[in-house]
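The next block holds one structure in the form of structure tokens; read it before the comments.
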Amino acid sequence: MNRTNVRKLIFEGESVTLDFKKTITSCEKIARTMVSFANNKGGKLLIGVADDGTIKGVKSEEEEKYMIDRAAHIFSRPALEPTFEEIYVDDKVVLLVDIPASDLKPHYALAEDGKWWAYVRVKDKSVLASKIVLEVLKRSSNDQGVLIEYSDNERTLLGHLEKAGRVTMKECVELLKVGRRRAQNLLVDLILSGIVKINTTEKEEYYTAC
């Protein structure tokens, strides 16, 4: 990638597939971002670029690479394999880190509390994955086929979506009068079949018809 393409990325701003870091200060935090990319459709980190898009450059490429490698192999599970590229922009070095979409989803990041958590990318943020998102990631990586038999529950849910346009997990449980686990399994099947889609924001998660 050349400096013109890097400038174009910076101009477009942070997104589902792009994140700026002035410098790497925490393996835990950068692992969270990298895992969220791997669990989604991949993404790029531009190290040496401030949140507002100002090009600061990296002071030590080797130190930044060391932190990224630690985050990828020690603070991510399964381990990630990012690639690096050094690009000179305005006589400053910007480190481009590419994290491809993974075939081994879900990936987890080691947090400060010593626990492993899975994250997904929502707009320009890395958000904790819900149980349904985790189940979808697991089953989508297993190449399992899904056989849907339209029972009363499926018909009731799809009828509700046609009228209301959306449903939350809580509403689904109340609508179908079933346990949370059963409602979750039903939604996962419909999501994997391409009938229902997940909509995740920083505040809530809800489901709509495709």
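Could you tell me whether the range 97-114 includes any residue that is within 30 Å of ARG139 (Cβ to Cβ), over 17 Å from the mean Cα position of the chain (by Cα) and open to solvent by 80 Å² or more (accessible area, probe 1.4 Å)?
Scanning the range 97-114, I find at least one residue that is within 30 Å of ARG139 (Cβ to Cβ), over 17 Å from the mean Cα position of the chain (by Cα) and open to solvent by 80 Å² or more (accessible area, probe 1.4 Å), so the answer is yes.
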Inset, instruction - Report, by residue number, each residue of the range 1-36 that is surrounded by 16 or more Cβ atoms within 10 Å (Cβ to Cβ), in a helix (DSSP H, G or I) and of a type in the set (A, V, I, L, M, F, W, C). - result: VAL6, LEU9, ILE10, CYS27, ILE30, ALA31, MET34, VAL35
Inset, instruction - Output the qualifying pairs, or none if there are none: Cβ atoms under 7 angstrom, residues six or more apart or on different chains, first residue in the range 183-209 and among the small types (Gly, Ala, Ser), second residue assigned to a helix (DSSP H, G or I) and open to solvent by 50 Å² or more (accessible area, probe 1.4 Å). - result: ALA209/GLU162
Legend entry - Positions within the range 129-180 being among the basic types (Lys, Arg), farther than 26 Å from SER36 by Cβ and at pLDDT below 95, in sequence order: ARG155
Inset, instruction - Take the range 177-188 and flag every residue that is in a helix (DSSP H, G or I) and surrounded by fewer than 19 Cβ atoms within 10 Å (Cβ to Cβ). - result: ARG180, ARG181, ARG182, GLN184, ASN185
Legend entry - Pick from the range 115-124, criterion surrounded by fewer than 20 Cβ atoms within 10 Å (Cβ to Cβ) and farther than 26 Å from ASP52 by Cα, ranking: farthest from the chain's Cα centre (by Cα): LYS115
Inset, instruction - Identify all residues within the range 14-50 that are touching a residue at least 60 places away in the same chain (Cβ under 8 Å) and β-branched (Val, Ile, Thr); write none if there are none. - result: VAL16, THR17, THR33, VAL35
Legend entry - The one condition in (1) farther than 21 Å from ALA118 by Cα; (2) among the hydroxyl-bearing types (Ser, Thr, Tyr); (3) modelled with pLDDT of 95 or more that THR33 fails to fulfil: (1)
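The values are calculated or read from the model by the stated rules, or taken from the named source; none is laboratory data. Not measured: the values here are computed from a predicted model. For neighbour counting, all protein chains shown are included, and Cβ atoms are generated from backbone atoms with ideal geometry for every residue, glycine included. Surface areas here come from the heavy atoms of the whole protein model, side chains and all, with no ligands, DNA or RNA. Shrake-Rupley method; radii C 1.70, N 1.55, O 1.52, S 1.80 Å.
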